[in-house]
Ligand code: UDP
Ligand code: MG
């Protein structure tokens, strides 16, 4: 029997929340919705996979996709999408920050014809004022640099109908940015607000380093805007130096001496910085091309139920 809804949740060291998560999804969607729950174990070092296997014994609609190591939640979402068999797929975190109580509203919106139901976070009880401000600023920078119409507060808590999920899977990125792909596709979307909950147990598995990595992928995966900005910086530097040359020449012929040393230091440092930034931007793109041309997959499945073994 094919499930109507697939719930996909990446899990990284979530042994302490996974029971509660699966129970909450079941409670929320009740008996009338045929649902499968796909937990993508993203290289956890705790008992996450063992817990899911134990639950699967009692509940055959719980599935486990175990990745060979930690690939990050973006790749894990895609691994789950590929495994999903429902007519709609809901992706969400399994730490209960994306409350399963919202699932019926999402399913209702889909039944009314929505192809994508995007959940938009209103509050985040785990965040202080400072982290909230930095995260807003970060979203803004991301929007400017990626050129994608990313909606503030919209994360990876969303429903995709089967066709939208199919379109997302058609991207073949070595370093995918799931949210960006959905927004790039520009499928008509219904937005629903929700109140984020505190983390059920444990602590965030996405530290500063992973967050920076995801942001760089977010910026470079679907846009070459940073390359254009690098070009623009170069043009501005050239224009400024030309203007300065005119000033120096005019001053020289007017009989003024032009102070040299500070100007030289400034120019060298400024141009050096511009060049380093541009080389860094170029390097980021070359790195992506390098991975892409070698066909490096975004994730490797180590274990899955045979129905969707790849
Ligand atoms: N996660 C993952 N791989 C990772 C880090 C996190 O699959 O390398 C999962 C995690 O189990 C959770 C979701 O991604 O279900 C969101 O991660 P987390 O709660 O750590 O991030 P935050 O909510 O702090 O942004
Ligand atoms: Mg979380």
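Restricting to segment 152-161, and then to whatever is surrounded by 17 or more Cβ atoms within 10 Å (Cβ to Cβ) and away from ligand 1 (no atom under 14 Å from the Cβ), can you tell me which residue is farthest from residue 93 (Cα to Cα)? For segment 152-161, the residue satisfying everything is 161. Counting the residues of segment 11-36 that are closer than 10 Å to residue 94 by Cβ and part of a loop (DSSP other than H, G, I, E, B) gives 3. Of all the listed residues (83, 79), the sole one being crowded, with 17+ Cβ neighbours inside 10 Å and touching a helix residue (DSSP H, G or I) at 6+ places or on another chain (Cβ under 9 Å) is 83.
Would segment 269-285 turn up any residue that is more than 19 Å from residue 225 (Cα to Cα) and surrounded by 13 or more Cβ atoms within 10 Å (Cβ to Cβ)? There is at least one residue in segment 269-285 that is more than 19 Å from residue 225 (Cα to Cα) and surrounded by 13 or more Cβ atoms within 10 Å (Cβ to Cβ). Applying the set (1) within 30 Å of residue 217 (Cα to Cα); (2) away from ligand 2 (no atom under 16 Å from the Cβ); (3) in contact with a strand residue (DSSP E or B) (Cβ under 7 Å, 6 or more places away or on another chain) to residue 75 leaves exactly one unmet item: (3).
The single condition from (1) modelled with pLDDT under 90; (2) over 14 Å from residue 73 (Cβ atoms); (3) in contact with a helix residue (DSSP H, G or I) (Cβ under 8 Å, 6 or more places away or on another chain) that residue 202 fails is (3). When residues in segment 96-142 are screened for being touching a residue at least 24 places away in the same chain (Cβ under 8 Å) and out of contact with any strand residue (DSSP E or B) (no Cβ under 8 Å at 6 or more places or on another chain), 11 of them pass. Restricting attention to segment 86-113, the residues that are under 22 Å from residue 195 (Cβ atoms) and either buried (at least 23 other Cβ atoms within 10 Å of the Cβ) or within 16 Å of ligand 2 (Cβ to nearest atom) (or both) total 14. Within segment 58-67, not a single residue is in contact (Cβ under 8 Å) with a residue 12 or more places away in the chain, touching a helix residue (DSSP H, G or I) at 6+ places or on another chain (Cβ under 6 Å) and within 16 Å of ligand 2 (Cβ to nearest atom). Of the strands (runs of 3 or more DSSP E) that lie entirely inside segment 37-131, those containing 1 or more residues that are more than 10 Å from ligand 1 (Cβ to nearest atom), more than 23 Å from the chain's Cα centre (by Cα) and closer than 14 Å to residue 22 by Cβ span 62-67. On inspection, residue 8 does not qualify as more than 16 Å from ligand 2 (Cβ to nearest atom), part of a strand (DSSP E or B) and within 25 Å of residue 166 (Cα to Cα). Is it the case, given these coordinates, that residue 17 is over 22 Å from residue 156 (Cα atoms) and touching a residue at least 60 places away in the same chain (Cβ under 8 Å)? The answer is no for residue 17.
The values are calculated or read from the model by the stated rules, or taken from the named source; none is laboratory data. The structure displayed is predicted, hence computed values, not measured ones. For neighbour counting, all protein chains shown are included, and Cβ atoms are generated from backbone atoms with ideal geometry for every residue, glycine included.
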